[in-house]
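For reference, the structure is listed below as structure tokens.
The values are calculated or read from the model by the stated rules, or taken from the named source; none is laboratory data. Keep in mind that this is a model prediction, so the values were computed, not measured. Cβ atoms come from the backbone with ideal geometry, glycine included; neighbour counts cover every protein chain shown. These area figures cover heavy atoms from the full protein model, side chains too; ligands, DNA and RNA do not enter into them. Shrake-Rupley method; radii C 1.70, N 1.55, O 1.52, S 1.80 Å.
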Amino acid sequence: MNLSSRLQKTNKNLEKARRYFKYAALKLTSKNHQKKKLNHLFDIYYTQASLYEKNDILQRVNYYNKLNHNFEIDKELPVHNVLNLKKTGSWFYHYDLTMQLAAFTDNLLFHYTPGDVQTIPCTPTFVKSRPISQENENSILLKLNTIRHFNFVDDPFDYAAKNDQLVWRGACHQPHRRYFIEHFHAHPLCNVGDTNKDAELGKKPFMSIQEQLKYKFILSIEGNEVASNLKWIMASNSLCFMVKPKFETWFMEGLLIPNVHYVELKEDYSDLEDKINFYQKNEDAAARIIKNANDYVKPFLNHQRELLISHLVLQKYFLMSKQPHAPNYFNLVSSI
């Protein structure tokens, strides 16, 4: 393992330790204390924010939570309780959910499915991911597994000085990933490889984010659902190449505009070589897309604003479920 790979692993371990500490500290504080902190956030955004800012916040709330009718918690399905929240799925899903529910003080029930969700639930349910669809109202997006999916970077390399190839590393368990590697692992314009230890064709060693940032073009390719590298690519000084996404998370991948926020590729990657050649020769066009991508990322870097939006998404869910004592700060329901 080289130095940049070791540093990436060390930084991730430090972040894990920070979250364990923060989780333990949360358990020692009262929910009333968390509620006061949240009230302070509401005060900032609803007394000092512009009308544009308030509308932008509510638009995001309504994108994540598309419910437009009341519903009842289905007791025939698995139900979770805010005041008795038990771990379901990995610890980092539980951590993120616990942090977002911290200020809710009442006995509120909800449906929740952790992990890589590829289908739309039969009843309104909190999820990390959902299919991009006009009919995904029951999939209520929360910001979950952030240690993996919201890993933004500071890119120290100028675009012009980067390597002219397309780079990608990942495990190719899915047919569409294997298809890509089969066709491009030996292509002269690509440095791509399957990191799966059992891989045969196109097997290459792990490459750290820092090493991938040295390339002008970085591929984002969905796995079971969203591609975990998309966020840090769009925060970098490199150009994101990808097929139009089929799934979305809190990052709102469904709002990304092809050839504005990323370079769109055909499903069979038959235009990959032409696209690389074009952007090699047209750095101004590449720079425009990179700037648009960087601008798209910026709102997600405001931790306090993100916390407020997360809380409003949860609050809307509880209000629409018609549970007693569901909170309604600043008459949110009349604004939805």
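Springs between alpha-carbon atoms under 10 Å, Gaussian network over the chain: tell me which of ASN229, ASN32, ASN294 tops the mean-square fluctuations.
Ranking ASN229, ASN32, ASN294 by mean-square fluctuation puts ASN32 first.
Most mobile of LEU189, LEU201, LEU213 per a Gaussian network model of the chain (Cα springs, under 10 Å)?
Of the options given, LEU201 has the highest mean-square fluctuation.
Could you work out what % of the accessible surface of the chain is carbon and sulfur, using a 1.4 angstrom probe and leaving DNA, RNA and ligands out of the count?
Ligands and nucleic acids excluded, carbon and sulfur give 52 percent.
Give me the distance in nm between label points sitting 7 Å out from Cα along the Cα-to-Cβ direction at ASP154 and VAL79, one decimal.
Spacing of the two 7 Å Cα→Cβ label points: 4.8 nm.
Just in the range 155-241: which GluC sites (Glu not before Pro) are loop by DSSP and have at most 12 other Cβ atoms within 10 Å?
GLU200
Going by alpha carbons, how many degrees (0 to 90, nearest 10) lie between the helix axis of 31-47 and the longest principal axis of the chain?
Taking the Cα atoms of the chain, the angle to 31-47 is about 70 degrees.
Helix 272-281 sits at what angle to the longest principal axis of the chain, using alpha carbons and giving 0 to 90 degrees rounded to 10?
80 degrees
Whole Å is fine, so just give me how far the alpha carbon centre of the range 95-116 lies from that of the range 215-269.
Each part reduced to its Cα centre gives a spacing of 29 Å.
Once you have a ≥ b ≥ c as the square roots of the Cα gyration tensor eigenvalues for the range 151-255, tell me rounded if a/c is under 1.5, and otherwise prolate or oblate according to whether a/b is larger than b/c.
Taking the square roots of the gyration eigenvalues as a ≥ b ≥ c, the range 151-255 is oblate.
Could you tell me the accessible area of ILE221 in Å² (1.4 Å probe, neighbours in place), rounded to the nearest ten?
Spelled out: ILE221, probe radius 1.4 Å, area about 10 Å².
What are the ³J(HN,Hα) values, in whole Hz, obtained from phi via the Karplus relation 6.51 cos²θ - 1.76 cosθ + 1.60 with θ = phi - 60°, for each residue of the range 104-109 in sequence order, with x given for Gly and Pro?
Karplus-based 3J(HN,Hα) across the range 104-109 equals 7, 9, 9, 7, 9, 9 Hz.
What accessible area per residue comes out for the chain, rounded to a whole number of Å², with a 1.4 Å probe?
The answer is 49 Å² per residue.
Once you place label points 7 Å from the Cα toward the Cβ at ASN294 and ASP274, how far apart are they in nm?
Placing both labels 7 Å beyond Cα along the Cβ direction yields 3.0 nm.
Within the range 75-101, what residues put their amide N at less than 19 Å from the label point 7 Å along the Cα-to-Cβ vector of TYR23?
The answer is 80-101.
How do the peptides 90-98, 61-69 rank, highest first, by the average count of neighbouring beta carbon atoms within 10 Å per residue?
Ranked by mean Cβ neighbours within 10 Å, highest first: 90-98, 61-69.
Can you give the angle from 0 to 90° between the axis of helix 303-320 and the longest principal axis of the chain, with both taken from C-alpha atoms, to the nearest 10?
The angle comes out at about 50 degrees.
I'd like the chymotrypsin sites (Phe, Trp or Tyr not before Pro) in the range 166-204 restricted to DSSP loop residues with at most 15 other Cβ atoms within 10 Å, sorted by number.
Passing both the DSSP loop test and the Cβ count: no residue.
Given points 7 Å out from each Cα along the Cα-Cβ axis, report the ASN224 to HIS176 separation in nanometres with one decimal.
In this crude label model, ASN224 to HIS176 measures out at 1.6 nm.
Which trypsin sites (Lys or Arg not before Pro) in the range 113-200 sit in a loop by DSSP (not H, G, I, E or B) and have at most 10 other Cβ atoms within 10 Å of their own Cβ?
LYS197
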